[in-house]
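Here the structure comes first, spelled out in C-alpha cells, and everything after it is commentary.
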There are 2 protein chains.
Amino acid sequence: MKKLINDAESVVADALTGLAAAHPALRVDVEARVVWRADAPRVGKVALVSGGGSGHEPLHAGFVGYGMLDAACPGEIFTSPVPDQVVAATERVDGGAGVLHVIKNYTGDVMNFELAAELCAQQGMAVASVLVDDDVAVQDSLYTAGRRGTGATLFVEKIAGAVAEAGAPLAEATRVAGAVVARSRSFGIALTSCAVPAAGKPTFDLPETEVELGIGIHGEPGRTRAPLASARDLAAVAMDAVHGDLPLAGDLLVMVNGMGGTPLIELYIAFAEVEAYIRGKGARVARSLVGNYVTSLDMQGFSVTVCQLDDELTELWDAPVQTPSLRWGR
Amino acid sequence: MKKLINDAESVVADALTGLAAAHPALRVDVEARVVWRADAPRVGKVALVSGGGSGHEPLHAGFVGYGMLDAACPGEIFTSPVPDQVVAATERVDGGAGVLHVIKNYTGDVMNFELAAELCAQQGMAVASVLVDDDVAVQDSLYTAGRRGTGATLFVEKIAGAVAEAGAPLAEATRVAGAVVARSRSFGIALTSCAVPAAGKPTFDLPETEVELGIGIHGEPGRTRAPLASARDLAAVAMDAVHGDLPLAGDLLVMVNGMGGTPLIELYIAFAEVEAYIRGKGARVARSLVGNYVTSLDMQGFSVTVCQLDDELTELWDAPVQTPSLRWGR
C-alpha cells in the first residue's frame, strides 16, 4: 500500500489545504473542517449542508458552489463529522431562509447531524433534513441500519441545490430532495479493497480472482463474493439488483461511478454495458455521469446509480452548477 | 491485476461505445476510431485534431467539444493512431480554414501524423502542426527522441482551442499553441506501475518501498528510483526538476494530474505542496487543475505541469469550454 500523503494523521487537513489553494471560490476552515461558498450566507436563500467521512472525494466538498451545496463538513477518513462541525457549517451559510441537511444513511452521520440540528434549532435556525438510502445491496450492514446512502447523494445535492438556487422555500427543497431519494437506487462492485492511510493495509482481503458484489463505500461487506467476470456480466449483476428493486422505466439519470482507483477508460466500458442493459428493458438513459464522484479512497471498482426522472427533476438536473467537480451551464 | 473490461482486445472499441452513449454532443465512429464534435465541420473555423495511444483518458477524446478539440483519434492502448485514422479525423472536421494537429512527442505519433498531414495536403487541406514536448524528466527515452509530450498537451488543446473558437486563422492558432509549448514543463512520479490489459501484468516492477522519478505516461523509465517519501518531498523533486529547467516566475497555470489510480484526496495533498513550493519561489498559482486528466491506465502517481501565463494565455484559458472532461464558463 503506497499513499501520496505526508502523514496518515494529517491527510484530511492537508487535502483541505490543497482544496483551498485550488478553488478561490471556496472558503475553507482547515481547523474547524468546514468548506463553504465564498458568497455565503446569501440572505433569503435556503442553504444546503452535507458532510460525512472523508475518503469519498469529490463528495462532499467538491460539490460546494453555485447551484449545489453551500457548505460541507468532512470528517476524518470514513468517520462522521462531529456535531459542532455541522453546527459551524450551518451557521456559516444560514441566510435566514433555513438550512437543509443532506445526510447519507450511516448510524454515526445520522446521530451527529440530528444532534447538530437540535443545537441549531436552539439557536433559532430552521433546519430540515433528508436521509439518502439508495444502496439496494444490503439491509443493515456494518455502520448502518437500513439501506446505506451512496451515489444518490450527488443527485440529491445537485437537484435540491438547483431548487434552493432558484429561491424555493425550505419545505420545497426538502420535498424535492425526498423525491430524488425515493426515485434513486444504487449498487456497487469492488475489484479490490481500499486501504485507510492510518490502518496502513487493505481493509479486507479479496483474492485476485474474485470481486465483492454490493460493496459499501467504506469497504463494508456486500451481498456475496463472485469470480471476476466481464464488465458486461458485472454491469448486469448491478443492474439486476437495481431493476429488481425499482423497475427501470422511462427517462433515467444514470451515473457510472468509479470507486477511486479505476481509470476512466474502464468506467466508459461499464457505462456502455449499463446503457445497453437499460435499453434492453425499454427504458432510456436521458442524462448521465461517468467518472469518479463518490469514491472509496483507492478502491478499484464501480457503482451504478439510477434515478427515475420526470420533467421537474430533468430541468433541475440541467440547471447551471459551478463547483470544483461538477460544472455546467454557466 | 484486475480490469473492468470485457476483453483485452476490445477495450478501445468498448470504451468508445460508452463515450458515444454518454455524450450526445459527440459523434463517434467506433470502427474508424474517430471522435468528433457533432457540429463539425464549422465553415471558416480552424479545426483542432489530436490523438495518440489510448490509456490516457480523458486525453484526448474527453477534450473534444466547444472551445477545445474538434476531433480526436485514439489508437490502441499506448499505440499511435494510424495515418488513415488521422486523415479521417481531419477530413471530418475541416471547415476550409485549415486544421491544426496537436502531437505529443513520441516517435510513432510524429511519424504517423506527418504522413497523415502529407496525405491531407495532397487532398488540398491546409494542415499545420504543433509538437508538445514538455516532460523535463529525460532527453530521449523508450519511444521518444527528445523530450516526451505529456500534461502540457491539455494546455495546448484548451488554449489553442479557444483561439480557434474565436475565429483566428491557422497561423495564429499555431503560433499560440507553440507559445504554450515553449512556456510549459512537466515532471511525473509513479508509485506503482500501470498494467496494459493485453499484457495481463504490470509493465514494470516497482518495490513496495520505492517510487520512479520522472516516469513517462506509458510506464517508460524515468530518471531514477528513490525510496517512497512524503507528498511534500515528492512534490519538491518534481518542482525542482521543473524549476531547474524553466525558472518559476510570475503567474502560473498549474496542473496536478493523477496517473489514473490515485484518488483525488491524495492529489489535493500534492497540490497543497506544489502551491507552497511555487509561493516559496516568489511565483503564484494563478490558475489550476487538480484531477485525473492525462493518465496512464491504472498507474498510481502524479505529474505536475506548469505553464508561465501572460495576459493573452490567461484570457484564452478562461474562455468557455464544453467537453466531457473540461467544462466551464458556458
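What follows draws every value from the coordinates through simple rules; no lab data is involved. All of these numbers come straight from a predicted model, not from anything done at the bench. Positions of Cβ are generated from backbone atoms using ideal geometry, with glycine treated the same way; all protein chains shown enter the neighbour counts.
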Top positive-direction residue, dipole computed over chain B with Cβ charges, set B:ALA235, B:GLN122, B:THR224: B:ALA235
Over all viewing directions the Cα convex hull of the protein assembly as shown casts an average projected area in nm² of 25.2 nm²
Karplus (6.51, -1.76, 1.60) ³J(HN,Hα), θ = phi - 60°, over region B:175-180, in Hz, Gly and Pro reported as x: 4, 5, 4, x, 5, 5
Using only Cα atoms, what is the ratio of the radius of gyration of region A:8-182 to 2.2 N^0.38 Å? 0.94
Can you tell me the dipole magnitude for region B:10-172 around its Cα centre, using point charges on the Cβ only (Lys, Arg +1; Asp, Glu -1), in Debye to the nearest 20? 300 debye
Along the dipole axis of the protein assembly as shown (charges at Cβ: +1 for Lys and Arg, -1 for Asp and Glu; origin at the Cα centre), the most positive-end residue among B:PHE155, A:GLY261, B:ASN292 is B:PHE155
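Work the Kirkwood hydrodynamic radius out for region B:184-308: mean of 1/r over every pair of different alpha-carbon atoms, inverted, in Å.
Values: mean 1/r = 0.0695 Å⁻¹.
Mean inverse Cα-Cα distance, inverted, gives 14.4 Å.
Taking 26 Å as the cut-off for C-alpha to C-alpha distance, list the pairs among A:LYS45/A:LYS158; B:LYS104/B:LYS158; A:LYS3/B:LYS201; A:LYS104/B:LYS158; A:LYS2/B:LYS104 that go past it. Numbers along the way, then the final one.
Values: A:LYS45/A:LYS158 15 Å; B:LYS104/B:LYS158 15 Å; A:LYS3/B:LYS201 21 Å; A:LYS104/B:LYS158 37 Å; A:LYS2/B:LYS104 29 Å.
Beyond 26 Å between Cα atoms: A:LYS104/B:LYS158; A:LYS2/B:LYS104.
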Mind telling me which of A:ARG147, A:ARG185, A:ARG279 comes out most flexible in a GNM of chain A, alpha-carbon contacts under 10 Å? A:ARG279
Between A:ALA177, A:ALA72, A:ALA199, which gets the highest mean-square fluctuation from a Gaussian network model of chain A, Cα cutoff 10 Å? A:ALA199
Provide an ascending nm list, one decimal, of label-point separations from B:GLY44 to the equivalent residue in each further copy; define each label point as 7 Å from Cα along Cα→Cβ. 4.3
Other-copy label distances relative to B:GLU208, 7 angstrom Cα-Cβ extension, nm: 1.5
Counting only other chains, what is the mean number of Cβ atoms within 10 angstrom of the Cβ of each residue in peptide A:270-278? 5
Quick check on the exposure proxy: order B:MET111, A:MET239, A:MET68 from fewest to most C-beta atoms within 10 angstrom. B:MET111, A:MET239, A:MET68
Convert each backbone phi in region B:291-298 into a coupling constant with the Karplus relation 6.51 cos²θ - 1.76 cosθ + 1.60 (shift: θ = phi - 60°), then list the ³J(HN,Hα) values in order as whole Hz, x for Gly and Pro. x, 8, 10, 10, 9, 9, 6, 9
So for region A:8-182, taking the charge dipole from beta-carbon charges (+1 Lys/Arg, -1 Asp/Glu), which of A:VAL93, A:ALA179, A:VAL34 sits furthest toward the positive end? A:ALA179
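Taking the Cα centre of chain A as origin, work out the dipole magnitude from +1 charges on Lys and Arg Cβ and -1 charges on Asp and Glu Cβ, in debye rounded to 20.
Values: 25 positive and 40 negative charges, 104 e Å.
Charge dipole, chain A, about its Cα centre: 500 debye, nearest 20.
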Cut-off 10 angstrom, C-alpha nodes, Gaussian network model of chain A. Which of A:LYS45, A:LYS201, A:LYS158 fluctuates the most? A:LYS201
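Placing unit charges on C-beta atoms (Lys and Arg positive, Asp and Glu negative, everything else neutral), compute the dipole magnitude of the protein assembly as shown about its Cα centre in debye, rounded to 20.
On the way: 50 positive and 80 negative charges, 123 e Å.
Dipole size: approximately 600 debye.
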Please give the average number of partner chain Cβ atoms lying within 10 Å of the Cβ of each residue in B:252-264, rounded to a whole number. 5
